[in-house]
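Worksheet: one structure, shown below.
The values are calculated or read from the model by the stated rules, or taken from the named source; none is laboratory data. None of the values given here were measured: they were computed from a predicted structure. All Cβ positions, glycine included, derive from the backbone under ideal geometry; neighbour counts span all protein chains shown.
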């Protein structure tokens, strides 16, 4: 009988946020795979839990090699608990490879939900959170970062980023350049900790504020791009677009419907534009004739 892989969320700051089920899993798992075994030791001591199982490290540098070993333990019937330094495994943390390998091996995977910097920052940001996208860490190199931001400048959903304190000023400046300095945003640092702070405002102002230096673990929330202003199309332009389709072999009715759908306009508006253009061209044709 195969074992179970358990992904468990750990506190992102305040240790008392640890879910009760986490304590049970820490005490009973056959194997605990931890991003940092030293931090795991501090966590279990703070929670008053003594792990009964074997503790192994599982981090970015060794997850490729360690994954087969853990899958072998799972296939042998072990209950394997995966924890990272803070928050949920796999979310910008080690875990994806192990989950994918466990699924491929037909091993059951379950989770102990816990604290999340992403959701906490969204809730505190004061920005729309009905739809959002998590972008993780931006590239470190200036050019790569600018290119990535350019690809999401028109993203309509609220965006969440993680950033290191020594790069936050650069990152916010780059965001202001890519998104515009007036785009609303929030910088959330040290969430659930003693010096928790949420700074809200236009992203250009936040970039200026961060220039003096910001410490701690940081999550940035940025509002999505505002809807583009509807583009106005002149009757002559609409008629020209229909004419192009007619010249390509479409019937006029089909061409009008296609242009209307393409520009999200009523078919009647496009039809009237074609009729008006035809009336305008008739006197010109008679004059030339």
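Okay, residues lined up against (1) under 26 Å from residue 139 (Cα atoms); (2) within 28 Å of the chain's Cα centre (by Cα):
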| position | (1), (2) |
| --- | --- |
| 14 | no, yes |
| 20 | no, no |
| 31 | no, no |
| 55 | no, no |
| 62 | yes, yes |
| 74 | no, no |
| 81 | no, yes |
| 89 | yes, yes |
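Got at least one residue in the stretch 5-26 being surrounded by fewer than 21 Cβ atoms within 10 Å (Cβ to Cβ) and over 24 Å from residue 192 (Cα atoms)? No, the stretch 5-26 contains no residue that is surrounded by fewer than 21 Cβ atoms within 10 Å (Cβ to Cβ) and over 24 Å from residue 192 (Cα atoms). Would you check if there is a residue in the stretch 100-113 being more than 15 Å from the chain's Cα centre (by Cα), crowded, with 20+ Cβ neighbours inside 10 Å, in contact (Cβ under 8 Å) with a residue 12 or more places away in the chain and within 21 Å of residue 188 (Cβ to Cβ)? The answer is no; no qualifying residue exists.
If you take the residues of the stretch 186-215 that are in contact (Cβ under 8 Å) with a residue 60 or more places away in the chain and in a strand (DSSP E or B), which of them is farthest from residue 16 (Cα to Cα)? This residue is 200. Inside the stretch 9-42, can you point out the residues that are in a helix (DSSP H, G or I), closer than 21 Å to residue 91 by Cα and touching a residue at least 40 places away in the same chain (Cβ under 8 Å)? Once the filter is applied, which keeps residues that are in a helix (DSSP H, G or I), closer than 21 Å to residue 91 by Cα and touching a residue at least 40 places away in the same chain (Cβ under 8 Å), the stretch 9-42 yields 17, 21, 22, 25, 26, 39, 40. The number of residues in the stretch 43-58 that are surrounded by 15 or more Cβ atoms within 10 Å (Cβ to Cβ) and either part of a loop (DSSP other than H, G, I, E, B) or modelled with pLDDT under 95 (or both) comes to 4. Among all residues of the stretch 239-252, there is none that is surrounded by 20 or more Cβ atoms within 10 Å (Cβ to Cβ), assigned by TED's automatic domain parsing to the domain that holds residue 128 and either under 18 Å from the mean Cα position of the chain (by Cα) or part of a helix (DSSP H, G or I) (or both). Filter the stretch 193-215 down to residues that are under 21 Å from the mean Cα position of the chain (by Cα) and either buried (at least 22 other Cβ atoms within 10 Å of the Cβ) or farther than 26 Å from residue 156 by Cβ (or both), then give me how many there are. Looking only at that region, the number is 3. Is there a residue being within 17 Å of the chain's Cα centre (by Cα), closer than 20 Å to residue 200 by Cβ, without any contact (Cβ under 8 Å) to a residue 60 or more places away in the chain and part of a loop (DSSP other than H, G, I, E, B) anywhere in the stretch 120-130? Yes, the stretch 120-130 has at least one match. So for the stretch 219-238 (the condition being at pLDDT 95 or above, touching a helix residue (DSSP H, G or I) at 6+ places or on another chain (Cβ under 6 Å) and crowded, with 16+ Cβ neighbours inside 10 Å), does at least one residue qualify? Yes, that holds for at least one residue. Which condition breaks for residue 146 when tested against (1) on the phi > 0 side of the Ramachandran plot; (2) outside any strand (DSSP E or B)? Of (1) on the phi > 0 side of the Ramachandran plot; (2) outside any strand (DSSP E or B), only one is false for residue 146: (1). The number of residues in the stretch 149-161 that are crowded, with 16+ Cβ neighbours inside 10 Å and either without any contact (Cβ under 8 Å) to a residue 40 or more places away in the chain or part of a helix (DSSP H, G or I) (or both) comes to 2.
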